[in-house]
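This report refers to the structure that appears directly beneath it.
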Amino acid sequence: MSRPRPWIEAFAPATVSNLGPGFDCLGLALRGPGDRVRARRAEAPGVTIVKVEGDGGKLPRAADKNTAGVAVAELLRRHAPDAGVELEVYKGLPLGSGLGSSGASACAALVAADAALGLGLQPAQLVDLAREGERVACGAAHPDNVAPAILGGVVLIPQLDPLRLIALPSPADLWLAVYTPGCSVSTAEARAVLPAQVPLAATVQQASRLGLLVHALHCGDLSLLGEAIVDELVEPCRARLIPGYLDAKAACCEAGALACSISGSGPTTFALAASRGRAEALLAILEECFTLAGVPGTGLCDQVGPGARVVSTLLH
């Protein structure tokens with residue numbers, strides 16, 4: 001009798017990366033939105049993507065072009081070379097949004113495939129596999145989205161080779177107003193506008209703010225956290241790619257936001273608050289500003305949440 005092949009479904013959350021001074025080395029997982037992927041054993045070796053929904057037909061169905069397929073193919077190459085996996089991808093995140101959409105698909109696929117194959121891989125191993133999917137999405141295997149998507153919470157990546165991940169504490173009273181304007185910024189485009197060189201003094205200032213940010217998280221000091229989330233290296237270059245961003249940021253800061261910045265490569269913008277009520281007020285401001293700029297979108301108030309996990313009931 002052949003082995004049963006039940007579908008295993010996993011969920012991976014949206015992520016907010018960079019967080020001001022933490023370019024390519026800092027990110028957090030949100031509680032609410034994310035992607036779902038179903039995986040099951042296949043008779044033939046390799047990866048097959050059976051279905052993709054929620055992407056408006058924009059994502060490639062070929063496993064070697066899709067981040068979910070690439071990540072699982074790397075899993076098979078390293079850990080189960082004779083196995084086969086079928087995938088169904090259900091996008092819950094907008095593409096090109098700065099919310100880690102490509103990383104969420106890869107992470108959900110890996111968690112589902114790991115469970116379907118019974119491999120029991122460690123979170124750090126899954127992160128290392130997931131960033132291979134990011135290499136296909138944007139040309140760089142950066143882990144600042146996939147690390148929090150797998151581990152949850154706030155994650156610092158102090159070293160890439162070998163990969164090292166540091167889970168940081170997150171204050172329980174921290175809220176985020178997260179708004180995605182109705183425009184798209186590709187990661188490749190957002191990286192193309194970055195300066196090739198930066199002044200030494202600016203680099204020192206950026207490093208000091210990142211240190212302050214980590215200290216503020218350990219202390220649970222939201223005022224210090226807001227003071228630390230300032231980016232004078234990357235944000236000014238990317239701000240011009242997002243219509244209405246500078247006005248939205250100014251309005252949020254005037255209304256008492258702890259901080260306001262760009263999530264990842266954008267255009268999603270986040271503002272920090274010390275209460276849900278304040279976050280809801282900031283979300284209304286973001287919506288008004290981006291609507292006036294001609295790019296109305298969608299948003300939510302959320303908190304830091306857990307990482308990717310199996311959400312289906314195991315049938316066997």
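The values are calculated or read from the model by the stated rules, or taken from the named source; none is laboratory data. What you are looking at is a predicted structure, and each value in this text was computed from that prediction instead of being measured. Ideal geometry is used to build each Cβ from the backbone, glycine not excepted, and the neighbour counts take in all protein chains shown. Heads up: the accessible areas ignore ligands, DNA and RNA and are worked out on the full protein's heavy atoms, side chains in. Shrake-Rupley method; radii C 1.70, N 1.55, O 1.52, S 1.80 Å.
Values for this structure:
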{"read-out": "The stretch 1-79: radius of gyration over Cα atoms, expressed as a fraction of 2.2 N^0.38 Å", "value": "1.36"}
{"read-out": "Anchor K65: aspartates and glutamates whose Cα lies under 17 Å away (excluding residues fewer than 8 positions away in-chain)", "value": "E53, D55, E74, E86, E88, E132, E134"}
{"read-out": "Expected-Rg normalisation [2.2 N^0.38 Å, Cα atoms] applied to the stretch 180-316", "value": "1.18"}
{"read-out": "Estimated vicinal HN-Hα couplings, Hz - the stretch 42-48 in sequence order (Karplus 6.51, -1.76, 1.60; Gly, Pro = x)", "value": "10, 5, 8, x, x, 10, 10"}
{"read-out": "Solvent-accessible area per residue, Å², over the chain with all protein chains present [probe radius 1.4 Å]", "value": "42"}
{"read-out": "Backbone HN-Hα couplings from phi across the stretch 150-162 [Karplus 6.51/-1.76/1.60, Hz, Gly and Pro as x]", "value": "7, 7, x, x, 9, 10, 9, 10, x, 8, 9, 9, x"}
{"read-out": "Rg and Dmax of the chain, Cα atoms only, in Å", "value": "19.3, 68"}
{"read-out": "Full-stretch length increase - D64, E232 - with 0.36 nm per residue and alpha-carbon distance subtracted", "value": "56.8 nm"}
{"read-out": "Projected area, mean over directions - the stretch 223-280, Cα convex hull, nm²", "value": "3.9"}
{"read-out": "Nearby aspartates and glutamates by direct alpha-carbon distance to K249 (threshold 13 angstrom, same-chain neighbours under 8 apart not counted)", "value": "D231, E235, E287, E288"}
{"read-out": "Modelled FRET efficiency - R0 25 Å, R77 with E43, Cβ distances, 0.05 increments", "value": "0.85"}
{"read-out": "Amide H partners (placed H, <5 Å) of S263, local residues excluded", "value": "T268, T269, F270"}
{"read-out": "Theoretical FRET efficiency, 1/(1+(r/R0)^6), r = Cβ-Cβ of A202 and L119, R0 45 Å, to 0.05", "value": "0.50"}
{"read-out": "Rg/Rh (Cα only; Kirkwood hydrodynamic radius) as it applies to the stretch 51-159", "value": "0.94"}
